[in-house]
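Notes follow the structure.
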Amino acid sequence: MQKMTPTFAATALALGLALAFPAHAGSATSAPQVQEAPLRAHLAFLSNDVLEGRGTGQRGADLTVAYLENQALAVGLKPANGNSYRQSVKIAGVVGLPEQSSLHLTAGGQPLALTYGQDWVWAPGDAQATHTFNAPLVFVGYGATAPEEGWDDYKGQDVTGKLLVMMVNDPQPTAEEPNRFAGKGLTYYGRWTYKFEEAKRRGAAGVLLIHTDASATYAWSVVQHSWAGVERFQLAERATGTGLQGWMTDATARALFKAAGQDLDQLRAAAERKDFQPVALNATLDGEMKAAVRKVEQFNIAGVVPGTDPKLKDEVVIYSAHWDHLGKHGDSGDTIYNGAVDNASGSAALLAMAKAAMQAPAKRSQMFLWVAAEEQGLLGSAAYAAAPLWPLAKTAANLNLDSLNFVGQTRDIGTEGSERTELGKLAAVAAKGMGMHIASSEPDLIGGYFRSDHFNFAKAGVPAFSIDAGREFIHDPAGSKAKMDAYQARYHQVTDEYDPSWDLSGMTQQAQFTLNLGRLVANAPKMPAWRAGDAFGKARVAN
């Protein structure tokens, strides 16, 4: 057997890619070109004060939807939902009412004196205005069931009607198993959204997550600002959560466990082992929980460039971006969260890309999808995945754009998550065709792959990832990097506003790369596959 030298191996890989995904009209040299002028115009308007921050359930959301559907019509996209560009997303807005509630924790026979917001936060996870509890507490470690890791924190125990207390994040790597649960990275099992979902599947009455800065990767103040007195949104047409969802501080958890006759540190250590068993606490949640609930209808917007191949046109590549931001809040000063970068940039890019794509359709169809309520928990993309406008089994890929490069052109492009599928190889081809390379990979410490709209497609088995900005700036590398880093102070603030002086060549470059990659997928003989053994690949087979 001939030994493969590095050069021979690279040649073989290139030949294999050429056979599976040959050169065609989707290459960078022949792809239609995304123009900066329309991208800039859409960005300036979508982030203008007139749209009031595009907040879910607010007037600005209705204006944004009207703008997007009319622009889709103007570009020439075919409506994706019969004769309509709109897909209804039914949402429930929920605000916990602690002053009207009588919830309390009792441990060791004694009630704990807890202040809402300061010590714990909670709200219904099922959009019901009233709940009554008399639920025993059970500590379930990380609350994870991961067959591929040989891990089950529940061990078959019946937790129906119980309040589950959990740690956030994943079981940590060990010297013996340095790569378990992605090593230093964060898997979906570590996300609080997964923990709520698993508890719902098991019939629990509720969940209280134990917060620490290290495990959550953010301070308690972030939890406070997201829960206490804030309207939270859920999909209204399916029960997505348990009766109660909430968090408690580490100090609250320590007081609770001590009063219940348990040592929290010892149980945390036990929860790092596969043989961990759930621990019933000598504690209960009692009383009534009240919440204000309202129902609102939002819309995804979707338009299609029909494919040209008689057979392949029945399959689709989906480009997506969320159109919503945080809206308008407060009574004085600057009350509008414009969300210029997050995510007027992605929404504007999709409009510019759609205009280009109409000039030269690909073999497969291409859908441009603007999803609602991403900021409220990826709700629009979840609604789409639950009721897709195109069969998931015939959806070749989802390429998502969220918070684009507003600084300038780069030599690299971010494709974290693409390596889970054959999209990773195609991304490298697309980057090379534009004189770029794929950005270096880093451990996903905050679970970024699970926090953007592409993830709902991945969970449904569709190869998907988000295209991120590069970091190797061509012009003034140090100054450009400083501009990009400074954006963190404006993230989710009223200061995320459009600046006419922005160099949008990098944003245009990012949009062009996404369109080029999509065309590679759209013109290939076969749809891209998941890497062997990837957990999300199982859903693809099921479809």
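The values are calculated or read from the model by the stated rules, or taken from the named source; none is laboratory data. Because the structure is a prediction, the values reported are computed rather than measured. Because the Cβ atoms are built from the backbone with ideal geometry, glycine has one as well, and the counts that use them run over all protein chains shown.
The single condition from (1) in contact with a helix residue (DSSP H, G or I) (Cβ under 6 Å, 6 or more places away or on another chain); (2) in the same structural domain as residue 425 (by TED's automatic domain parsing); (3) modelled with pLDDT under 95 that residue 27 fails is (2). Look at residue 477 and say whether it is surrounded by fewer than 18 Cβ atoms within 10 Å (Cβ to Cβ), in contact (Cβ under 8 Å) with a residue 24 or more places away in the chain, in the same structural domain as residue 354 (by TED's automatic domain parsing) and out of contact with any strand residue (DSSP E or B) (no Cβ under 9 Å at 6 or more places or on another chain). Against the criterion (surrounded by fewer than 18 Cβ atoms within 10 Å (Cβ to Cβ), in contact (Cβ under 8 Å) with a residue 24 or more places away in the chain, in the same structural domain as residue 354 (by TED's automatic domain parsing) and out of contact with any strand residue (DSSP E or B) (no Cβ under 9 Å at 6 or more places or on another chain)), residue 477 does not qualify.
The helices (runs of 4 or more DSSP H) located wholly in segment 437-543 that include 1 or more residues which are closer than 24 Å to residue 41 by Cβ occupy 477-486, 505-523. Are any of the residues in segment 244-252 surrounded by fewer than 22 Cβ atoms within 10 Å (Cβ to Cβ), in the same structural domain as residue 124 (by TED's automatic domain parsing), farther than 30 Å from residue 325 by Cβ and of a type in the set (A, V, I, L, M)? Yes, some residue in segment 244-252 is surrounded by fewer than 22 Cβ atoms within 10 Å (Cβ to Cβ), in the same structural domain as residue 124 (by TED's automatic domain parsing), farther than 30 Å from residue 325 by Cβ and of a type in the set (A, V, I, L, M). Only one of the numbered conditions (1) at pLDDT below 95; (2) under 20 Å from residue 34 (Cα atoms); (3) among the hydrophobic types (A, V, I, L, M, F, W, C) is violated by residue 536, and that is (2). There is no residue in segment 162-182 that is basic (Lys, Arg), modelled with pLDDT of 95 or more and surrounded by fewer than 15 Cβ atoms within 10 Å (Cβ to Cβ). Among the residues of segment 206-227, those that are aliphatic (A, V, I, L, M), surrounded by 21 or more Cβ atoms within 10 Å (Cβ to Cβ) and within 18 Å of residue 115 (Cβ to Cβ) comprise 208, 209, 210, 223.
Listed here are the residues, each with its yes/no results for (1) closer than 17 Å to residue 246 by Cβ; (2) assigned by TED's automatic domain parsing to the domain that holds residue 266; (3) within 24 Å of the chain's Cα centre (by Cα).
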{"residue": "68", "(1), (2), (3)": "no, no, yes"}
{"residue": "84", "(1), (2), (3)": "no, no, no"}
{"residue": "107", "(1), (2), (3)": "yes, yes, no"}
{"residue": "116", "(1), (2), (3)": "yes, yes, no"}
{"residue": "121", "(1), (2), (3)": "yes, yes, yes"}
{"residue": "125", "(1), (2), (3)": "yes, yes, yes"}
{"residue": "133", "(1), (2), (3)": "yes, yes, no"}
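Among the conditions (1) farther than 13 Å from residue 244 by Cα; (2) at pLDDT 95 or above; (3) out of contact with any His (no Cβ under 9 Å at 6 or more places or on another chain), residue 112 misses just one, which is (3).
Looking across segment 304-328, just one residue is out of contact with any strand residue (DSSP E or B) (no Cβ under 7 Å at 6 or more places or on another chain) and either at pLDDT below 95 or of a type in the set (A, V, I, L, M) (or both), and that is 312. Within segment 135-151, if we keep just the residues that are touching a Lys or Arg at 6+ places or on another chain (Cβ under 8 Å) and farther than 29 Å from residue 104 by Cα, the residue that is surrounded by the fewest Cβ atoms within 10 Å (Cβ to Cβ) turns out to be 150.
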